[in-house]
Structures are given as structure tokens and as C-alpha cells.
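All of the numbers you see were taken from the coordinates with simple rules; none came from a lab. Every value quoted in this text rests on a predicted model; they were computed, and no experiment measured them. We place every Cβ from the backbone using ideal geometry, glycine too, and count neighbours over all the protein chains shown.
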Ligand SMILES: Cc1cc2nc3c(=O)[nH]c(=O)nc-3n(C[C@H](O)[C@H](O)[C@H](O)COP(=O)(O)O)c2cc1C
């Protein structure tokens, strides 16, 4: 079936996209306003796109009339922290998506631990096994959305999830991260894996020859 985006309103395009582009990693974005009030909210229009510098992107929608607190804080301070979401903190992540007034500290509200960052003002979430301290790289307006590009300045990983600090080997499965699926509340675990190593041209030729035997 063909869905022609010239004939579909934005809401319907959104439904198709979030049903099919799955699972999406979740950026649990911690930001801070001028008065120091900490804000946290999940964003699953999110991924990393480069490593020199390491730049991540977050798609921030319009939300309430005055805009989302996350974007307002990022525009004002130019700093934020992206924490990855483990299954053990999934319900707390969901609590931080409640449309609280901007005066509410969502970390306190959800019973989460704010730990100090090293290079930016907003704290990181202690319950998250991976936290990336970011400064704004670029803001790109896409219709009523803003694509926030963040340059990652530092990354915290829980000690028990680092297998070899010298080689920067991480126990990815132990992170226990979740991804967002479709609808308003479906998520996926990252524990159901399969292994498929990359191939050289020679390995591909050998595989083809073997299949033809
Ligand atoms: C798992 C999850 C993923 C979300 N992803 C996005 C997203 O990518 N973009 C967006 O604008 N809102 C997203 N939301 C909604 C925001 O988290 C929600 O509007 C939140 O209240 C924004 O908070 P803020 O005003 O403190 O920034 C998501 C919500 C959930 C639960």
C-alpha cells in the first residue's frame, strides 16, 4: 500500500513514522532554567550521527503553546545532558513525560537522583547507566519542530557496565536499555539479540560460492 505524503496531514504522517521506524532509542534530556530549576523529559526522535565531533540530534515538537521546557532551557543555556533509559527506570522516565508546569523539578517529582555533571550545569540522572554531557551544536527549525544538535563533551557510564576501560569496551546488554516502539506506550528491550558479523568482499564471495555448491 502506498501512502502519499502530499495527501496526508502531519498527524497521519507522524502515526505512520512512529509505527514503522522502531525501535527508537530514548534521549532522557536533562536541562535547567535560569533559576536553576531542573527539567527532565524523554525524546525518542533521537540518535547519534557522527563521532568527530560526536553529535547527537533530538527532534523537539511544539507541545504546549509556550513550547517545551527542554527546548526553552537549551536555547537559554546552550547546555543539556542526555541520559539513556534502562528498563529499571522506565516508569520514572514515563513520569518525567507528564506535562508538568515549568516550575516543577521533574527529577525530584519522579524520585530520581540528580548527580553533578563535570562540564555543563544541568545534572545527570544517577539511575541512568549512560549520561552524555552536551553543548548546543546547532538548532535547525523544521516546521513547528526544532532539531537540536548537541555536541557531546563527556560521557558517564556506570562502572559495572564498563568491561575494559583501556579499550573502551562497554557491556551493552548490561546497560539494560529500552527503546520506544509504536503507539502511546509500547517499548522494547535490547536483550533479544542475534549476531551477524560484517563481511569483506572475499568473505561474501566465499559465502556465495558455498551457497551455489
Ligand atoms: C518515550 C517518549 C518519547 C517521547 N519523544 C518525544 C520526541 O521525540 N519529541 C517530542 O517533542 N516529544 C516527545 N515526547 C513527549 C515529551 O516527553 C513531553 O511532551 C514532555 O512533557 C516534554 O517535557 P518538557 O516540556 O519538560 O520538555 C516523548 C514522550 C515519551 C514518553
Next on the checklist: Among (1) within 13 Å of the chain's Cα centre (by Cα); (2) exposed (fewer than 14 other Cβ atoms within 10 Å of the Cβ); (3) within 10 Å of the ligand (Cβ to nearest atom), there is one condition residue 47 misses while meeting the rest; what is its number?
Outcome noted: (3)
Checklist entry - Which numbered condition trips up residue 76, out of (1) within 25 Å of residue 113 (Cβ to Cβ); (2) part of a helix (DSSP H, G or I); (3) in contact with a strand residue (DSSP E or B) (Cβ under 8 Å, 6 or more places away or on another chain)? => result (3)
Next on the checklist: Suppose we filter the range 153-180 for residues that are assigned to a strand (DSSP E or B) and touching a strand residue (DSSP E or B) at 6+ places or on another chain (Cβ under 8 Å); how many remain?
Outcome noted: 13
Item to check | Count of residues meeting criterion [within 20 Å of residue 25 (Cα to Cα) and either free of Cβ contacts under 8 Å to residues at least 24 places away in the same chain or assigned to a helix (DSSP H, G or I) (or both)] in the range 51-73 | outcome: 3
Next on the checklist: Going through 143, 150 one at a time, which residue ends up being out of contact with any helix residue (DSSP H, G or I) (no Cβ under 7 Å at 6 or more places or on another chain) and closer than 15 Å to residue 31 by Cβ?
Outcome noted: 150
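Which residue, of 60, 83, is near the ligand (Cβ under 7 Å from one of its atoms) and surrounded by 17 or more Cβ atoms within 10 Å (Cβ to Cβ)?
Details: 83 fails: near the ligand (Cβ under 7 Å from one of its atoms).
Among 60, 83, only 60 is near the ligand (Cβ under 7 Å from one of its atoms) and surrounded by 17 or more Cβ atoms within 10 Å (Cβ to Cβ).
Kindly evaluate residue 107 against the criterion of being within 13 Å of the ligand (Cβ to nearest atom), surrounded by 13 or more Cβ atoms within 10 Å (Cβ to Cβ) and either on the phi > 0 side of the Ramachandran plot or outside any strand (DSSP E or B) (or both).
yes
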Checklist entry - under 19 Å from the mean Cα position of the chain (by Cα) and either under 30 Å from residue 118 (Cα atoms) or surrounded by fewer than 12 Cβ atoms within 10 Å (Cβ to Cβ) (or both): does that describe residue 88? => result yes
Item to check | Sole residue being away from the ligand (no atom under 16 Å from the Cβ) and either closer than 19 Å to residue 85 by Cβ or loosely packed, with under 15 Cβ neighbours inside 10 Å (or both), chosen from 125, 157, 142 | outcome: 157
